[in-house]
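Here is the structure we will look at.
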Amino acid sequence: MENNVLDKSVNDYVNSLEKVLEKRKQWAEFTLPLLLKTLNEIQTTYSIGWRVQQLDWLMNNNAVNITFESFPKSMIEKLNGSADFEFVKGAALVFSQKYNGDISIFIIYPAALEPLSEEDINEMGSYNPNEFNENFIVNKVSLFLEKIIIKEENVLIRKVGF
């Protein structure tokens, strides 16, 4: 059986699988180590209560995030023993490899005692692993902080008594 249309479709499919494999290889050999190195340097340089996590979830899906887990130690003195400040941990910037090998970047906002909703997740885009370099990652972390600041300020405005 000879069918030029089917031959082309089969070849296109095989080529698409090869591209996925190449992106997965790029992630494993370059992007993941670069993310871990850069995010760990950021965590060490700017001690504001965050930490880096490497996640292995959903079978062969890998992710790296930087997440706030504690109130910054430099700010604790400014509380002066006050217990009326509410710090909700859990905000995270996530770099997650998708099934097709691209890297999805999204923000998870802290959800105070409530299940996550669509408002608690902000998609920042999907990128080919070869688009990543240190400057790209630093810019995403900076944008993450800007978004967290806006979210924090809006939460304060909506709360009773503010």
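The values are calculated or read from the model by the stated rules, or taken from the named source; none is laboratory data. Since the structure is predicted, the reported quantities are computational estimates derived from the model, not experimental observations. As a convention, Cβ positions derive from the backbone with ideal geometry for all residues, glycine included, and neighbour counts pool all protein chains shown.
Points worth noting:
- Residue in the range 54-73 that is more than 27 Å from LYS37 (Cα to Cα), at pLDDT below 65 and surrounded by 10 or more Cβ atoms within 10 Å (Cβ to Cβ) present: no
- Residue match in the range 26-40 (condition: in contact with a Gly (Cβ under 9 Å, 6 or more places away or on another chain) and either on the phi < 0 side of the Ramachandran plot or not in a strand (DSSP E or B) (or both)): yes
- Boolean, GLY81 is out of contact with any Phe, Trp or Tyr (no Cβ under 8 Å at 6 or more places or on another chain), outside any helix (DSSP H, G or I) and at pLDDT 95 or above: no
- Inspection of the range 104-121 identifies at least one residue that is at pLDDT 95 or above and of a type in the set (S, T, N, Q).
- Here ASN15 fulfils each of the conditions (1) surrounded by fewer than 18 Cβ atoms within 10 Å (Cβ to Cβ); (2) in contact with a helix residue (DSSP H, G or I) (Cβ under 9 Å, 6 or more places away or on another chain); (3) more than 14 Å from ASN128 (Cα to Cα) apart from (2).
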